[in-house]
Structures are given as C-alpha cells and as structure tokens.
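Just so it is clear, none of the values below were taken in a lab; they were calculated from the coordinates. Not measured: the values here are computed from a predicted model. FYI the Cβ positions are ideal-geometry reconstructions off the backbone, even for glycines, and counts take in every protein chain you see.
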Amino acid sequence: MSEMTSKSQQSCAVLGIFDTPNALMQAIPKARAAGLGTVEAYTPYPIHGIDEALGLRKSPLGGMVLVMGVLGALVALGGQYWISAIDYPIITGGKSAASWEAFIPIMFEVTVLFATFTAGLGMLFLLNKLPFFGHPVLSSKAITGITRDRYALALEAEDESFDSAAAAQVFREAGAVEIEILPAPDRSPFLTSDFILRTLGGIFAACVVAGLAMFFLTKWFPLLAPMKHMQDQPRLNAQKGSTFFKDGHGMQLPVAGTVARGYLPTATGTQDAAATLVNPLPRTREVFAVGRKAYANRCEVCHGALGNGVGSLTAAYGGKAANLQAQQFRDYPDGKIYWVLVNGKNNMPSHAPYLSESERWAVVHYVRALQRAQNAKDEDLKMVAR
Amino acid sequence: MSPNKHASTLLWGATALGALGVLASYTTAGHERFWANWVLWFVLMFTLGLGALFIVALEHLVGARWSVPIRRIPERVATLLLAAIPVGLIALFALPVLYPGTRPEAAQNHILAGKAFWLSVPFFSVRTLIAFGLCLLGLAVLVGGSLKQDFTKNPAFNVRARKFAPAFMAIFALVITMIAFDWISGLTPEWYSDILGVYVFAGAFLGGLAATTLSVLYLQDQDRLQGVQGDHLYNLGAFLFAFTVFWSYIGFAQYMLMWYANFPDEVIYYKVRLTGSWRVVTIALASLHFVLPFFALVTRAAKRDPKRLRRVAYLMLFAHVLDMYWLIFPVLGTTPHFSWPELSFALFFLGGILLWIRGAMQKGEDMPVGDPFLRKGLEFHL
C-alpha cells in the first residue's frame, strides 16, 4: 500500500491512447464518470463536439476581450480629450479642440490593441496558466503519436490523492490501446534568481554576439552596410573640414574676380546714372508673360493690377504706393524703373533678391505695357482693330 | 395552410393599398418627391438582389461548403433583380426631374458641363441597361445553372460556377459602383466620393444577408431546411456582425476625410445631413445600422440564437432602407420628407418584395439537391 501511495504521488496524469477519434469520444463519458480527476483530451486536430463531451465551460475570454476593448476605447477617448481639449488645446484647421471625429481612428486602434492583447495574453497567462515549463504530456512517449494520428485522453491529478492505478484501469476498460503514466512535472517557481540570471545572461550574450558580428561585418565588408541612405556623398559640407582644399576648410570664399552664375552685380550708382541703361529684352509675348507673373507676385499688392497705386495693401495699411500711371513715371526712362526695382525707393524695398536680372527687365516691359494700356494712342486702337 | 393564406391576403391588400397611394402621390405630392421615392425603392430592390447574388458568388468563389444547404435562399432572393429591372426602367423617367446633370442648366455649370456626356440621359440609361444585362448574366449562370442542377445532378455546374465567380466579382464591383455613382451620387453631381461604391456595397451585402437570414429562419420554422442548424445560423450571424463594422468603417472613413479637409463642395453633403431634422436621421442611422446590431450580436450565443438573429435581421433591413433614404432624400430639401407618400411607397414595394420572395420560396427544391457538396455542407460543424 505504501508503495502504491508513493507511486501515485509521483504521477500527475494518466494517458489513455486511442486509435480513432470515435473511440476517444466514447471513452470521454466513462472517464468523466470515474471522477478521478480532470479529464483532458489531446488530439492532432480539433474534433467536433469534443468541447461539449468534455463539459468545458464557456471560455471567459470573450467577456474579458469585450471589457478591455471598451476600456481601450474609453482610455483613448479620455486621453485624447484631455490632451487636445484640456491640457493643450490648439485649434487646427478651424476644428473645435474637442472634435470627436478626430478621436475615432485612435479610439479604434486602441480598442483593437487592448482587445488583441487581452485575447493573446489573457489566453496564454490567465487561462493557460503560462509560464509553465514542460507540460508533462509534451515529454510523454505518446506525444509523437498525438501530433500525428493518435488520440489521447488524460486523467489529470487535481490533488495529492490522485489514484493513477485506478485511472489506468478506467482507460483500459474504455478500450485504450496504450496506457502511459506521467510523472509529476517539475513545477519549480518561475522567477528564481537562477532563472533570472540565466535569462539576463542569455540576453546579454545575444546582444554582445549580435553587436560584435554587426561591427566586424560592416567593417570587413563595408559594401554590406545595410542602410546607407545618403551618408556618403562626394560633396563638401559648409561647416566641416575638408582635405580637398589647402586651408582645410570645406567652405571657401569666391575666387577673386569671379561672380556666381546669375548674380551679376547690377545698376549701382544713382537713379539718374541708371537712366542710360537700355532694356536688353525684346518685346515678345513670352517676355510679357514673365513680366506679368513677376508683377502679379511682387508689385500688384501695392501698385495695383493696373499700376495706378491702388493695391490691396493700400486699403489695408493706408500706405501710398506710387501711381505708375502718373505723368512723372510715364516719362521715366526704362533704366530708372529698373533702378527702383533693384534698390527700392522711399518705403519700397529692394526686389533684387527675389527677381532675376531678366525678370526685372521683363517687369519693366510689363509696367510700360500697363502705362500704354491706360493711355492708348490712335495707332494702338488700329492695331487692336486689325 | 390557413394562416399562410391569411398572410397572403394581407400582403396583397397592403400592396394594393400602397399602389393606390403611389398613384395618388404622383398627382398630388409633386413629381420630385414621387421620383425620389421611386428611385429609393429601385435602389433598395436592386441592392437587396445584388447583395444576395454576391453571397451566392462568394460561396462559389471561396469554395465554401457550409453554405451549400442554404444556397437556394440567396439564390431565390437574388431573383429580386428580375423585379428590380422593370422598376429601374421606369426610374429612368426620374432622370430629367431629379438629376441635375441631365438638366439644360447643367451647361452653365463648368463642373457639370465637363461631365455633360457622362451625365446625359442617353449615356446614363445605357449604363443602367448594361448593369441590368450584367446582372442577368450573373443570374443566368449562377442561379439558373444551380436550379438546372437540381434535375441534371451534374457536378460540372460547380466547376463552371467556380470559374465564373471571379469574373462575377469584377462584374459585381462594376455594377454596384455604377449604381452608387449614377443613381445615388448622380443626385449631387458636384459632390463626389470614390468610396461611395464600397459604402453601398457594404449596405447591399448586409441587406442581402438580412433578407437571406430572415428567409432561412422562415423556412426553418416550416421545417423545410432539415439539417440546417445552429452552426449555419452562427455563420450568418457572424457575417451580419462583421459587416455592420465594415459598413460603419467605410461610412466613417468617408465622413472623416471630408470633415478634416473641409472643402466646401465636399462638406455640403454632410452639412445638409447634420443640420436640423436630418441630424436626427443621421444619428438614428448610425445607431440602427451599427451600434445596436453590433452589441446585439457581439456574444457568441447571440449569433446562433434564432430569435435574436431574426430581430437583428429585421433591424438590418430597416436600417438598409433608412440608409438609402439618408442617401437619396436630402435631394428634396433640408427637411426630411416623411408622410403618406413615403408610407404608400413602403407598403407597395415592401408588399411587392415580400410577395416576390414568398413566391420564389414556394418554387422548386429548398436545397440545391444536385450539388455534390450538399452532404458535406449539412455535416458542417464549427
């Protein structure tokens, strides 16, 4: 008797192996009726009706997922509301700070996040009681068959008084082709110092190996650099040194006597001196189009679309821009208008940084056209008529 | 047999009464309102039938076996397309009344003038006729072939249907997008949304599914679908559940992008629907089309409970009608029109649809008895 007891203390479960799913299904009620312990089935694939036969309770996972999903939605709603409406309200796009429409996508995402994490982690840790190293069935002799073509029923110990011999007898009577008595698993506590040390050591070792491997691989095989992006460019950085030049600077002054392309110095001196300049551009449709565009972008706000000094800024600020239609300006030679564009006059700033050489002269042509349009001569009318 | 006859008399009576109201509303309620109602019920019938046909095609496409025993039901519901075609042909008379793109003033509007050919009555009608033709093709191959298989027991039909199903999916996408863009978006031709076709598809699938579910439950009550059990119902319930979420996802995605961008020509669509009494309709639509059915079907037990499923299916059908109302009726003005003309149309067309489906349910076998996979489908367990 004492031998029997010591034996049953060592075993945690008894496996009965069956050849067919039908035999397994027929054995389930007998095993349950014996009342020796928890009845569990291990099969290579799900068998219809086995949940009902085993009398499994409805899984609480669905309820947990629902609760956590709703919680996720509320957390996202509350968090966003607090951030955007209370803590740091910024109006963007004319929308109210507490716009529920903007919250919905993130609420959706957080709901899904909470729900999936609850489903996955809840199943693994709460319901399947992980971490649990080495389920005894996994180290049984029958396991290779269970994952292929054998159907196992287990009577698992609920407490110390589990009688493995009686359990084996139940299975034998139910027609099991094979019986296996499983030893009690090593249920050592999870977070032992040994385990933590081993885990941390393993992670550290993996990091060291991966880091060293990466270091030497990229060093020895530089072409294998996984993500180069645009690290190596054959250009000089303005703020960095360079061995290309003798003085060791990346940034250099222009060579004496040279001018950067498109930056010719122009029209210095007085406005009167500039009067002699001649507009180098021909009066073509394209030139007028360039002038018109530049005028619309840079001049129209003050001088107005007609050049009469009535622009939108005049109304807004009361500043008086020159009326280009005035006799004084109609009598200006091209060069004087050009000079103003480059140097500015009175309140008008210089437009040289924004308009290229040819754009400036195109604007001059366009201003001439505006003046002509407001003071048309007879021959102009004839030209239009033609 | 007597309660059956009773119901039949009631249906005929309601339809006749509705028909009188429909005729009266043509003369007294104004042409715009009459045609808005007509287009609503045309689109509704069409989407129900097309949604059911989609379910049939889906089974062949993915090789589903569980739905073989109940396939005859969506096949019968899909014949609603045959009834929708004459309704749609009459609805073509609504074009000059209701659709701004077909009016002469459209030439002055540069947006409409650019689409003048596309929106013109002849090309609009041609597109609709093409859609009808494509639907008839789908019906002939998928439903006609299946009915014929009852007698021939020839498994060649399954092969043919499986090969045709992918093509039909393309046809389906084309037809439902065409219906959504022409008949629904065409009411507001200056407003466009690429996703509207998908939105209407989600509604159509839900509508077809709800009609299928109700018909399955109706036949089950009469013991005519023996072998169809909880797991089959569960799948129908799961589809209903999933597609309420899909519908609201698409609907909200469309709304949110327009709300964010805030372009005047886009938000006007929602401005109309979110002010005054239309706001109430919008909230009701969101609640009845998504919130209520979602929570009604969220548990596993609810999806296999015939009582619950029946209620949700009725709700989904009502929500689908409301959805179409919400899409179409704002064309009449900033307040929702609802009184005796709408009721008469509802009586007439609902009575007609029910009579049609009832009639279809009486004809032939209740299950595709010639399908070699029927047995497998009956053995289906989750």
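Specify the residue with the greatest mean-square fluctuation among B:I328, B:I55, B:I250, computed from a Gaussian network of chain B linking alpha-carbon atoms under 10 Å apart.
B:I250
Can you work out ³J(HN,Hα) from phi for every residue in segment B:13-18, in order, using Karplus 6.51 cos²θ - 1.76 cosθ + 1.60 and θ = phi - 60°, giving whole Hz and x for Gly and Pro?
x, 4, 5, 5, 4, x
Provide the gained length on full extension for the span A:A316 to A:D232, in nm with one decimal, where the gain is 0.36 nm per separating residue minus the Cα-Cα distance.
Extra length available between A:A316 and A:D232 comes to 25.1 nm.
So, R0 is 35 Å and r is the distance between the beta-carbons of B:F263 and A:L71; what FRET efficiency does that work out to, to 0.05?
The calculated FRET efficiency here is 0.45.
Just the projected area, averaged over all directions, of the convex hull on the alpha carbon atoms of chain A: how many nm²?
Details: hull surface 172.6 nm².
Its average projected convex-hull area is 43.2 nm².
So for segment A:251-358, what are the equivalent ellipsoid semi-axes in whole Å, largest first, each being the square root of 5 times an eigenvalue of the Cα gyration tensor?
Ellipsoid half-lengths, sorted descending, are 27, 17, 15 Å.
How large is the translational diffusion coefficient of chain B in µm² per second when you combine the Kirkwood radius over alpha carbon pairs with Stokes-Einstein at 37 °C and 0.692 mPa s?
Stokes-Einstein gives a translational diffusion coefficient of 152 µm²/s.
Rg over Rh of segment A:34-111, using C-alpha atoms and the Kirkwood radius, what does it come to?
Numbers: Rg = 22.8 Å, Rh = 16.5 Å.
That ratio is 1.38, to two decimals.
Looking at the square roots a ≥ b ≥ c of the eigenvalues of the Cα gyration tensor of segment B:268-382, which shape do they give, rounded for a/c under 1.5, prolate if a/b is larger than b/c, or oblate?
Numbers: a/c = 3.08, a/b = 1.69, b/c = 1.82.
Oblate, since a/c reaches 1.5 and b/c is not below a/b.
Run the reach check for B:K271 against lysines, Cα to Cα strictly under 30 Å, same-chain hits fewer than 8 apart removed. What comes back?
Leaving aside lysines fewer than 8 places away in the same chain, those within reach of B:K271 are A:K95, B:K115.
Near the amide H of A:A184, under 5 Å away, which other amide H atoms are found, from residues 5 or more places off or on another chain, if H is placed in the peptide plane?
Those qualifying (amide H under 5 Å, at least 5 residues apart or on another chain) are A:S11, A:C12.
Indicate the gyration tensor shape class of segment A:137-223 (rounded, prolate or oblate), computed on the Cα atoms with a ≥ b ≥ c the square roots of the eigenvalues: a/c under 1.5 is rounded; otherwise a/b larger than b/c is prolate and the rest oblate.
oblate
Between A:F245 and B:E105, what's the calculated FRET efficiency when r is the beta-carbon distance and R0 is 56 Å? Round to 0.05.
With a Förster radius of 56 Å, E is 0.20.
With the crude spin-label approximation of a point 7 Å out along Cα→Cβ, what separation in nm comes out for B:A7 versus A:S358?
For the pair B:A7/A:S358, the computed spacing is 8.4 nm.
Would you mind getting me the FRET efficiency between B:L274 and A:Q374? Use the beta-carbon distance for r and R0 = 45 Å, nearest 0.05.
Working from the Cβ atoms, E equals 0.35.
Quick check on the exposure proxy: order B:F46, B:F168, B:F239 from fewest to most C-beta atoms within 10 angstrom.
The order, fewest Cβ neighbours first, is B:F239, B:F168, B:F46.
Which ordering of B:S248, B:S25, A:S193 is given by a fewest-first count of other beta-carbon atoms within 10 Å?
Working: B:S248 18, B:S25 22, A:S193 7.
Listed from fewest to most nearby Cβ atoms, that is A:S193, B:S248, B:S25.
Run lengths n ≥ 4 of DSSP H only: what is the helix-derived mean residue ellipticity at 222 nm for the protein assembly as shown, with -39500 (n - 2.57) per run over all residues, to the nearest 500? List each step's numbers first, then the result.
Numbers: 35 runs with 461 residues, N = 768.
Mean residue ellipticity, 222 nm, calculated: -19000 deg cm²/dmol.
Can you compute 3J(HN,Hα) from phi for each residue in segment A:351-366, using the Karplus curve 6.51 cos²θ - 1.76 cosθ + 1.60 with θ = phi - 60°, rounded to whole Hz and x for Gly and Pro?
9, 4, x, 9, 10, 6, 3, 6, 5, 4, 5, 5, 5, 4, 4, 5
May I ask you to list the aspartates and glutamates whose Cα is less than 14 Å away from that of B:K153, ignoring any residue fewer than eight positions away on the same chain?
The reachable aspartates and glutamates, counting only those whose Cα sits under 14 Å from B:K153, are B:E365, B:D371.
Could you tell me which of the pairs B:K163/B:K376; A:K58/B:K303; B:K148/B:K376; A:K345/A:K377; A:K219/A:K240; B:K5/B:K363 are separated by over 26 angstrom between their Cα atoms in the structure shown?
As for pairs spanning more than 26 Å Cα to Cα, those are A:K345/A:K377.
Would you calculate the separation in nanometres between label points at A:F216 and A:R198, each defined as 7 Å from the Cα along the Cα-to-beta-carbon direction?
2.8
For B:Y269, B:Y192, what ranking results if the residue with the fewest other Cβ atoms within 10 Å of its Cβ goes first?
B:Y192, B:Y269
Enumerate the aspartates and glutamates that A:K30 could reach by cross-link, defined here as Cα to Cα under 15 Å, with residues fewer than 8 away along the same chain left out.
A:E40, A:E52, A:E156, A:E173
If you plug each phi of segment B:119-124 into the Karplus form 6.51 cos²θ - 1.76 cosθ + 1.60 with θ = phi - 60°, what whole-Hz ³J(HN,Hα) values come out, in order, with x for Gly and Pro?
So the Karplus estimates, Gly and Pro as x, are 8, 5, 3, x, 6, 4 Hz.
Enumerate the amide H contacts of A:Y42 below 5 Å, restricted to partners 5 or more residues apart or on another chain; note that Pro and chain-start residues carry no placed amide H.
A:A152, A:L153, A:A154
Once you order the gyration tensor axes a ≥ b ≥ c over the Cα atoms, which shape class does the protein assembly as shown get: rounded for a/c under 1.5, otherwise prolate or oblate by comparing a/b with b/c? List each step's numbers first, then the result.
Numbers: a/c = 3.00, a/b = 1.45, b/c = 2.07.
Oblate.
Expressed in nm to one decimal, what extension gain is obtained for the pair A:V112 and A:E160 from 0.36 nm per residue of sequence separation less their Cα-Cα distance?
13.0 nm
In whole Å, largest first, what are the principal axis extents of the Cα atoms in segment A:307-378?
Largest to smallest, the principal-axis extents are 38, 31, 17 Å.
Along the Cα→Cβ direction, 7 angstrom out, place labels at A:M123 and B:I283. What is the inter-label distance in nm?
Reported label-point gap for A:M123 and B:I283 is 3.9 nm.
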